[in-house]
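Asker: The structure follows.
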Amino acid sequence: RGIFMLPWILPTYIIVLVWRWIFDGQTGLLNQVLMSWGLIENNIPFLAKPASAVAALIFVMVWKGYPFYALTFLAGMQTISAELYDAAKVDGAGRLARFRFITLPGLQQIMGVVILLSTIWTMNSLEIPMLLTGGGPSNATEVFPLLTYHLAMQNFRLGEGAALPIMMLPIVALLVLGVASYMDKEATE
């Protein structure tokens, strides 16, 4: 079980170095595997094209965060009464029906929290986009914190770099209020 925690335990810098090597357009592991399986003939520059760079960034960020999501959902599943599952079995409900009508509703509050936290963490992520792609290609992976860094630290436009996070505050506040009101509505039903 401990190996599943590696994405959370390992330093972000090490994780990104490994994933940069995997996605490398010349000597990357992914290209080598795809070529050995005969799926591609030429190397694919995953981090050099906007669409594949965004996909790679999303994949790495999800991979880094999945231990948190897994632990949260496992903890949530522990709170669902086993009697509900037993009663559903007696009533003839299959696995899919038990999942749909017992597990999903039981995890609805937790899903809201996970979605909220993962969205906030993604909006505040600097290390992975900076180390994986630097915001490129063509600024396709330049998230708000990275744009702030580029403005303030590289271009010395400190006023704009300071204003950008403040402009993000209403967006995050609306997101938090939206998820909180949804969770509140679900809790009262």
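Every number here is computed from the coordinates shown, using simple stated rules; none is lab data. All of these numbers come straight from a predicted model, not from anything done at the bench. Heads up, the Cβs are rebuilt from the backbone with ideal geometry, glycines too, and the neighbour counts pull from every protein chain shown.
Asker: For the chain, what's the relative contact order in percent, using C-alpha pairs closer than 8 Å and at least 6 residues apart?
Answerer: Reported as a whole number, the value is 21 percent.
Asker: Which length gain, in nm to one decimal place, applies between residue 140 and residue 41 when the Cα-Cα distance is subtracted from 0.36 nm times their residue separation?
Answerer: 33.0 nm
Asker: Farthest toward the dipole's positive end in the stretch 53-188, which of 88, 65, 166, given Cβ charges of +1 (Lys, Arg) and -1 (Asp, Glu) about the Cα centre?
Answerer: With unit charges placed on the Cβ atoms, the residue in question is 88.
Asker: Please work out the FRET efficiency for the pair residue 51 and residue 115, using the Cβ-Cβ distance as r and a Förster radius of 25 Å; give the result to the nearest 0.05. Before the final figure, lay out the partial values.
Answerer: Details: r = 24 Å, r/R0 = 0.96.
Using R0 = 25 Å, I get an efficiency of 0.55.
Asker: Rounded to whole Å, give me the distance from the Cα center of the stretch 38-91 to that of the stretch 147-187.
Answerer: Result: 25 Å between the Cα centres.
Asker: Could you tell me whether the chain comes out rounded, prolate or oblate from its Cα gyration tensor? Rule is a ≥ b ≥ c as square roots of the eigenvalues, rounded for a/c under 1.5, then prolate if a/b exceeds b/c, otherwise oblate.
Answerer: Oblate, because a/c is 1.5 or more while a/b does not exceed b/c.
Asker: Give the peptides 163-170, 24-31 in descending order of average Cβ contacts within 10 Å, highest first.
Answerer: Details: 163-170: 12.2, 24-31: 15.1.
Peptide ranking by packing, descending: 24-31, 163-170.
Asker: In addition: Within the chain, which complete DSSP H helices have Cα atoms spanning at least 27 Å along the helix axis and a mean Kyte-Doolittle hydropathy of 1.6 or higher? Walk me through the intermediate numbers first.
Answerer: Numbers: long enough: 50-78 (41 Å, 1.21); 158-188 (46 Å, 1.21).
Span-like helices, by this rule, are absent here.
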